[in-house]
Amino acid sequence: MKSQSLLVLGARLRDDLARHEAVDRSSEARARRQLLVAVAARKPRRRAAFALGGAGLVAAAAAAFLLLARPATQTEPLSFWVEERAGHVDEWVTAREAEQSLRFSDGSSVVAAPHTTTRVLHIAPNGAELALERGHLEAHVVHRDATRWQVAAGPFVVHVTGTRFHVSWDPQVEKLAVSVSEGRVEVTGGGQPRHELVAGSALELSVGAGTELKSALAAPEPASSAEPRAESGESARDEDELIRPRKLAEHKPDFRELSTAGRYREALALVEQQGFGAECESLSARDLLTLGSTARLAGRADRAKEAYLAVRRRFPSGSEAGISAFSLGRLASDAGRASDAMAWFKRYLSEQPSGALSREAAGRLLELLEQSGNQAAARDAATSYLKQYPSGPHAALAERVLARR
């Protein structure tokens, strides 16, 4: 009987895979997960496994092979989401005053900082191609076999196989900045030799009018407070001026402009010179959100927390207070403070159950509950998530949580 059951399951798997081209991706993924749960539920005990006949073992092996070793030509491209909605290839994604998160079905994620414009140009089974029109991206690419991602910015291309990195592009001064915190990337373009960056290194490339491309490769360090030297003529640009955005004549940029250009450390240093606490008491709610994002991207989680808490204290009834709750949850999660992160995500969902970040908050809360081992709470969160977001980026995790006994 057991051998016959396995043969039946194997036949079902083959039929399911044969219908692959006629079934939409989300339905097929759900069917495969249900079949896997069914196989696991029917799995015989260890001592009974040795009593299976040869036909049963062959059928089980065939079913596993059909499921796990499908031809690459049948593999579907990745899907992605922009905050709470499904994303589409070649659409513009613009982060204005608040960050925008792009999450991909392989677990990779890209965060567009405020004042950033980007596009997903192409998606494939093993990666995606993005174009950074302006601003700053913080990316985490999950490494898998044959992973291929790239980010194009101006004449440059950042090639990625699996890593955490930051990339900024300012089209006005044609400046690219790349820093790597985990893994490695390669930067090509502009007729220049390939640059390879490893964790802890950074690269800046700029193109000057009529000037050969130059670069500066070094470990990241705080931005210099020295002012760029003034130009004395058309041919007076030196290397410092090439790798640093040019100072606008008769204009000293404020922290918002520096942040928009991806110069987060300089932006934060300027605010601190003016008095960080005083600025937190005088800036508008939107500017405080920008300040919080700027501090976080500059590596100062303490200052980011201070700015977000100021939003909640000074503007408790505005939508910015909810965004700050979500941002505080992300800061706590990044710092490994799971209980604090869960509390902030729950607060966001309580305050803004239909907010723009509600799906993201529900998904992150589910992740943390599952990691904490609180199975009862994780199951409740998984049920709620699937009810509200059946095709969301955390749907697969929710189904795995509910499939456990």
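The values are calculated or read from the model by the stated rules, or taken from the named source; none is laboratory data. Worth saying up front: this structure is predicted, and the values here are computed from it rather than measured. Please note: Cβ atoms are built from the backbone with ideal geometry, for glycine as well, and neighbour counts cover all protein chains shown. The accessibility values were calculated without ligands, DNA or RNA, using every heavy atom of the protein model including side chains. Shrake-Rupley method; radii C 1.70, N 1.55, O 1.52, S 1.80 Å.
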Flagged pairs (Cβ under 6 angstrom, 6 or more apart or on separate chains; first in the range 383-405, over 21 Å from L357 (Cα atoms) and in contact (Cβ under 8 Å) with a residue 12 or more places away in the chain; second open to solvent by 40 Å² or more (accessible area, probe 1.4 Å) and hydrophobic (A, V, I, L, M, F, W, C)) are A403/V37
When every residue in the range 312-325 that is assigned to a helix (DSSP H, G or I) and small (G, A, S) is compared, the one most open to solvent (accessible area, probe 1.4 Å) is S319
May I ask you to list the residues in the range 337-370 that are more than 18 Å from the chain's Cα centre (by Cα), farther than 22 Å from A403 by Cβ and assigned to a helix (DSSP H, G or I)?
A338, S339, D340, M342, A343, W344, K346, R347, Y348, L349, S350, E351
Sort out which residues of the range 107-130 are over 21 Å from A295 (Cα atoms), open to solvent by 10 Å² or more (accessible area, probe 1.4 Å) and more than 11 Å from the chain's Cα centre (by Cα), and write them in order of number.
R119, L121, H122, I123, A124, P125, N126, E129
Residues of the range 95-106 being under 18 Å from L297 (Cβ atoms), touching a residue at least 24 places away in the same chain (Cβ under 8 Å) and either part of a loop (DSSP other than H, G, I, E, B) or open to solvent by 30 Å² or more (accessible area, probe 1.4 Å) (or both), which ones?
E97, A98, E99
Any residue at all in the range 379-396 that is β-branched (V, I, T), in contact with a helix residue (DSSP H, G or I) (Cβ under 9 Å, 6 or more places away or on another chain) and open to solvent by less than 50 Å² (accessible area, probe 1.4 Å)?
no
Among the residues of the range 289-311, the number that are open to solvent by 10 Å² or more (accessible area, probe 1.4 Å), among the aliphatic types (A, V, I, L, M) and more than 15 Å from E266 (Cβ to Cβ) is 2
Of the residues P171, P220, which single one is within 19 Å of L121 (Cα to Cα) and at pLDDT below 85?
P171
Does D334 satisfy the criteria of being open to solvent by 30 Å² or more (accessible area, probe 1.4 Å), of a type in the set (D, E) and free of Cβ contacts under 8 Å to residues at least 12 places away in the same chain?
no
Looking only at the range 142-175, how many residues end up being touching a residue at least 40 places away in the same chain (Cβ under 8 Å) and of a type in the set (A, V, I, L, M)?
1
Does the range 126-169 hold any residues that are of a type outside the set (G, A, S) and in a loop (DSSP other than H, G, I, E, B), and which are they?
N126, V142, H143, R144, D145, T147, R148, P155
